[in-house]
Each structure stands twice: as C-alpha cells, then as structure tokens.
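Q: Got a structure for you, questions after.
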Amino acid sequence: MVLNNFVKSIRNIMRNDAGINGDAQRIEQIAWMLFLKIYDEKENDWEFNETDYKSFIPETCRWRSWAKDEGDGNALTADALLDFVNNTLFPTLKSLEVTPDTPIRSAIVRTTFEDANQYMKDGVLLRQIINVIDALNLGNYNESHAFGEIYETILKEMQSAGSAGEFYTPRALTNFMAEIIDPQVGEQMADFACGTGGFITSWLKVLDKKVQEAQTTDAQKKYSESIYGIEKKQFPYMLCVTNMLLHDIEAPLILHDNSLSKDVLNYTDADKFDVVLMNPPYGGSEKNDIKQHFPSDLSSSETADLFMVLIMYRLKEAGRAAVILPDGFLFGTDNAKLAIKEKLLREFNLHTIVRLPGSIFAPYTSIATNILFFSNERAEGAKEGFSTDKTWFYRLDMPDGYKHFSKTKPMRSEHCDPLRTWWHNRTEIVSEDGKDEKARAFTASELFELGFNLDQCKFPKEEEEILAPAELLESYYKRRFALEQKIDKTLTEVQRILGIDINTTEQ
C-alpha cells in the first residue's frame with residue numbers, strides 16, 4: 001500500500017505546507033529525506049557485515065535516532081522537529097569533516113548536504129512525510145526493487161519541474177545507448193555531467209546481466225567499481241548518489257564538481273575510461289577561465305563543444321563512446337567546431353551518427369539532437385590521415401501514430417526497434433529520387449570535402465498548409481473568440497474572489 005501511494009501521499013501532504021513552492025522544491029525536499037532513509041538501510045548492512053563499523057554521522061543525527069516514530073508519543077514533531085532539523089541536523093551534516101582519507105561512502109554524506117535545503121515550515125506535516133518515507137521496507141529485496149521503479153518516476157517528474165528537467169534523459173534512450181555500447185565486466189564507464197545518474201543506471205542494468213552469468217565475487221566487485229560520475233549542481237548530485245545507493249553501489253564514485261575546470265592536457269592514462277556515456281549540457285556559454293583549460297584551437301564558448309573535447313582526452317585507447325549532441329554541432333562552421341570535428345575524424349573512429357526526433361526531450365526543449373558513436377582507435381580501411389573509414393548516418397523517424405513525443409506519450413524502448421534491426425544489418429536507405437536519405441554512409445574523405453558538415457540524412461521539412469483567404473479569416477475569428485471567452489471567464493473568477501463588480505468599479 002505504501003509503495004502504491006507513495007508519491008501521491010507525499011504530494012498531497014506537501015501541498016498544505018506554506019514553505020513548498022512548486023514541484024522542484026517538493027522533489028528537493030523529498031530527496032534529502034530519502035537519502036538519509038536509504039543511507040540508514042545501508043548502514044544496517046555495514047553494521048551486520050563489519051564488526052568494527054562506526055557511523056560517519058553523529059548518533060543523534062542518524063535517521064534511526066530522530067526520524068523513527070515508535071508510536072509511543074515520543075517522536076519529534078511540530079516545532080521541536082523543525083528546530084532539530086533546521087538547527088541541528090542540517091548544520092551538523094553540512095559541517096562533517098572530510099579528509100582525503102575519508103572513505104567515499106562516508107564523504108558522500110557531507111557532499112550531499114553541502115547545498116541541500118529544508119523548505120517545510122509546518123513540523124506536523126514534516127512528521128507525516130517522514131513517517132511515509134520511514135514506512136518503506138528497503139531491507140526487503142522485492143520492495144527495494146519496486147521502490148527503485150518509484151524513484152524513477154520521481155526523477156521523471158523533474159521534466160515538468162522547471163529547470164530541473166534538464167537532468168532527465170528518457171530512459172528508453174539511455175538504455176538503448178548502454179545496450180549498443182555492450183558493457184564488459186572489468187570495464188569502467190564515465191559520465192562527466194551525470195545529472196541524476198540515468199546513463200550510469202542504464203550501464204549497470206546491462207552489466208548486471210553479465211555479472212549474474214559470471215556468478216563470482218570478483219565480477220560483483222568489478223560491477224561496483226565500474227562507474228564514475230561528475231555533477232556540477234547540488235540537487236541532481238544528491239539524487240544521483242541516492243540512485244546509486246538504491247542500485248547497491250555502496251561507495252559510488254560520484255563527484256560534486258565541474259568537469260570542465262581542469263586542464264585537459266594534464267590528464268594521464270590513469271584519468272581515462274573504457275566507455276563514456278553522456279548527454280552533455282548544451283545551450284550554455286562558458287567563461288574565459290573555463291575555456292583556458294582547453295587547447296586554443298579547440299576552445300569554444302559552447303558547453304557541449306568543450307565536453308566533446310574533454311571526452312576525447314579522457315577516452316582510453318580502443319575505448320568506446322556514445323554521446324548526445326544538438327544539431328548545431330553537426331552543421332556548425334565556427335573555427336572551434338570545425339577543429340573538433342576534424343580531430344574526431346582524424347584521431348577517432350566516428351562510425352555512426354543517429355538523428356533523433358525533435359521532441360525526444362519535450363517538454364523541456366524542442367532542440368533536435370543526435371547520438372554520436374565513436375571509438376578511440378583506427379578503423380580498418382581508414383585512409384591515410386584519418387582514423388575513421390566511413391560514418392554511417394541513420395535517421396530515427398517518429399513511430400507510426402505519433403506526431404511528437406510528450407509527457408503523456410514518451411519515447412518507449414520499442415521505438416528504437418527499427419534502429420536495432422538496422423544497426424546489425426546496415427544498408428543504405430534512400431528514396432528512388434535520391435532526395436530523402438534515411439540511412440547512408442559517407443567516407444571520412446567525403447566529409448572532409450563537405451567541410452566536416454555532419455548534418456546528413458536530415459528530417460524532411462514539413463510542408464506548411466496554405467489556407468485560402470476565407471479559411472484564414474475563419475480560423476482567425478475562431479481563435480479570437482476563444483481568447484475573448486477565456487478572458488471573460490478569468491475576469492468573472494477575479495470578481496468572484498475579490499467580491500467586486502469590475503464593470504461598476506471606478507478606475
């Protein structure tokens with residue numbers, strides 16, 4: 001019952017609290033409580049398995065000490081609970097001493113709470129929410145697994161929670177990319193802007209099947225050590241760490257940092273990874289102090305460009321990458337973009353570009369995006385001066401019956417099936433008149449001749465419907481009438497609330 005009504009129950013309680021303003025704050029409020037609850041469950045395991053285990057959290061601030069309600073009337077609530085959370089719990093966890101020798105599983109507590117916020121103002125409502133969260137039996141495997149699905153719905157809600165939506169990539173897409181990358185036991189993947197950990201969890205999902213086949217302690221250990229993430233913003237960092245604990249990664253190597261703040265020329269082989277899976281932030285602009293960490297010919301003010309350079313410098317020899325980038329990268333002609341694309345073709349094997357439907361990230365953005373698949377190796381048959389032999393372009397069209405994806409009609413795994421089929425049996429798909437190219441291969445030399453323009457196999461432009469003048473006028477008056485009706489309805493509601501008659505009130 002608790003699992004079925006979890007999100008609904010918390011939302012209904014929080015709606016009555018004056019301190020919560022919108023979905024973004026609601027999710028952030030849930031996040032730090034969930035973290036402490038899940039961390040407490042992990043501590044139960046560590047105490048059972050380790051005779052000398054000592055909690056990094058002071059005893060009074062452990063979830064079990066202040067959050068549990070034994071039903072004896074002694075549980076903290078109302079003003080006493082608010083006072084404890086605001087003036088003891090948060091200051092204590094924010095100031096925990098972390099040194100280079102502090103274990104990761106301990107250090108994440110301090111990092112998680114560094115910029116966390118407590119918004120609620122009603123201690124009775126706060127107690128009600130804590131009780132809902134504490135009722136989760138995460139020590140039970142089945143319930144813990146079921147809650148993992150519920151946690152995914154919480155992350156999905158971020159799509160409509162203001163700016164938080166930028167951190168959520170549809171799971172159908174992250175799962176497909178991880179499936180194609182084909183994780184191997186012993187490999188380590190990285191996401192340098194990991195958000196809530198979507199790509200990491202997709203990697204773990206595919207890798208777990210191979211670990212289960214191996215059925216060895218060594219394989220399980222390598223599974224736990226296979227991930228590396230960096231997230232610049234506090235809120236998604238907190239959600240990501242919690243996500244990792246839910247996926248049995250007890251010491252998640254997730255850093256709260258800016259991936260672009262270090263000189264890429266200083267990275268050594270020890271800083272490189274077998275696989276990179278990510279959807280870097282795009283549309284952002286970086287300051288000069290960030291751009292200075294990159295070679296001058298590759299230095300760009302656009303965030304996505306800099307992440308592409310970072311990936312190239314941190315991908316191991318023979319390493320594999322799948323990266324989502326906006327259309328602007330494909331056709332961009334500024335000096336930095338051209339230099340990055342040239343480096344990609346000359347030093348890496350850019351073997352596949354998948355054009356994605358424009359509404360993949362709706363409603364957050366309508367920017368058209370693409371997946372670039374490449375590896376840090378020279379392709380067999382590559383001509384002199386290039387590591388890429390040929391680049392395949394494939395256009396993933398909208399599925400039948402869809403005009404666009406939306407919150408109620410999101411992308412699903414089966415929508416990638418045409419791409420899956422084509423991937424393993426590649427053929428060119430071109431219309432008889434040659435005007436519509438759905439799939440086609442270009443050699444590196446051809447792309448060089450095209451000025452490194454990777455904007456191939458485009459989506460056909462939709463023809464605009466041109467209405468007759470009479471129909472245009474009819475359409476205009478219909479829209480105008482609907483707008484007037486809406487305004488009248490709003491004014492009537494305002495009059496009702498204010499108890500005035502706008503038509504007779506003096507201006």
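Q: Under 9 Å between Cβ atoms, at least 6 apart or on separate chains: pull out the pairs that start in the range 100-129 with a residue that is free of Cβ contacts under 8 Å to residues at least 24 places away in the same chain and end on any residue that is of a type in the set (Gly, Ala, Ser) and part of a helix (DSSP H, G or I).
A: Cβ pairs passing all conditions: none.
Q: Still on this structure, I have one more. Could you list all residues from the range 383-403 that are open to solvent by 10 Å² or more (accessible area, probe 1.4 Å), of a type outside the set (D, E, K, R) and out of contact with any His (no Cβ under 9 Å at 6 or more places or on another chain)?
A: Listed by number, the residues that qualify are 385, 386, 387, 401.
Q: Another question about this same structure. Just one of the numbered conditions (1) at pLDDT 95 or above; (2) not in a helix (DSSP H, G or I) is not true of residue 100; which one?
A: The number of the failed condition is (1).
Q: Filter the range 1-21 down to the residues that are in a helix (DSSP H, G or I), in contact (Cβ under 8 Å) with a residue 40 or more places away in the chain and either open to solvent by 10 Å² or more (accessible area, probe 1.4 Å) or not aliphatic (A, V, I, L, M) (or both) and list them by number.
A: 2, 3, 6, 7, 9, 13
Q: For the range 343-393, name all the residues that are assigned to a strand (DSSP E or B) and in contact with a Lys or Arg (Cβ under 7 Å, 6 or more places away or on another chain).
A: Matches in the range 343-393: 349, 355, 370, 375, 392, 393.
Q: What's the total number of residues in the range 378-403 that are in contact (Cβ under 8 Å) with a residue 24 or more places away in the chain and not aromatic (Phe, Trp, Tyr)?
A: Qualifying residue count, the range 378-403: 14.
Q: Of the residues 80, 24, only one is open to solvent by 20 Å² or more (accessible area, probe 1.4 Å), over 29 Å from the mean Cα position of the chain (by Cα), over 24 Å from residue 106 (Cα atoms) and of a type in the set (Gly, Ala, Ser); which?
A: Residue meeting the stated conditions: 80.
Q: Oh, and also: Which residues, taken from the range 326-352, are aliphatic (A, V, I, L, M), under 24 Å from residue 180 (Cβ atoms) and in contact with a Phe, Trp or Tyr (Cβ under 7 Å, 6 or more places away or on another chain)?
A: 344, 345, 350
Q: Further question: State which residue is most open to solvent (accessible area, probe 1.4 Å) when the search covers only the range 406-434 and only residues that are in contact with a helix residue (DSSP H, G or I) (Cβ under 6 Å, 6 or more places away or on another chain) and assigned to a helix (DSSP H, G or I).
A: My answer is 413.
Q: Separate question: All but one of (1) of a type in the set (D, E, K, R); (2) farther than 18 Å from residue 251 by Cβ; (3) open to solvent by less than 60 Å² (accessible area, probe 1.4 Å) hold for residue 69, so report the exception by its number.
A: Unmet condition: (3).
Q: Please state which one of 346, 412, 355 is within 14 Å of residue 170 (Cα to Cα) and basic (Lys, Arg).
A: Exactly one residue qualifies, and that residue is 412.
Q: Looking at the range 114-161, which of the residues that are in contact with a Ser or Thr (Cβ under 8 Å, 6 or more places away or on another chain) and β-branched (Val, Ile, Thr) is modelled with the lowest pLDDT?
A: Going through the qualifying residues, I end up with 132.
Q: Starting from residues that are open to solvent by less than 30 Å² (accessible area, probe 1.4 Å) and outside any helix (DSSP H, G or I), keep the ones in the range 130-150 and report whichever is farthest from residue 27 (Cα to Cα).
A: Ranking the qualifying residues of the range 130-150, first place goes to 138.
Q: Follow-up question, since we're still on this one. When you scan the range 112-129, how many residues do you find that are open to solvent by less than 30 Å² (accessible area, probe 1.4 Å) and either in a helix (DSSP H, G or I) or of a type in the set (Val, Ile, Thr) (or both)?
A: Residues meeting the conditions: 7.
Q: Of 205, 221, which residue is among the basic types (Lys, Arg), in contact with a helix residue (DSSP H, G or I) (Cβ under 8 Å, 6 or more places away or on another chain), open to solvent by 30 Å² or more (accessible area, probe 1.4 Å) and closer than 22 Å to residue 39 by Cα?
A: 205
Q: Could you tell me whether any residue of the range 74-88 is of a type outside the set (Val, Ile, Thr), in contact with a Leu (Cβ under 9 Å, 6 or more places away or on another chain) and closer than 28 Å to residue 255 by Cβ?
A: No: zero hits.
The values are calculated or read from the model by the stated rules, or taken from the named source; none is laboratory data. Owing to the predicted nature of the structure, the values given are computational and were not obtained by experimental measurement. Using ideal geometry, Cβ is built from the backbone for each residue, glycine included, and neighbour counts are taken over all protein chains shown. Each accessible area value is taken on the protein alone, full model and side chains, heavy atoms only, with ligands, DNA and RNA left out. Shrake-Rupley method; radii C 1.70, N 1.55, O 1.52, S 1.80 Å.
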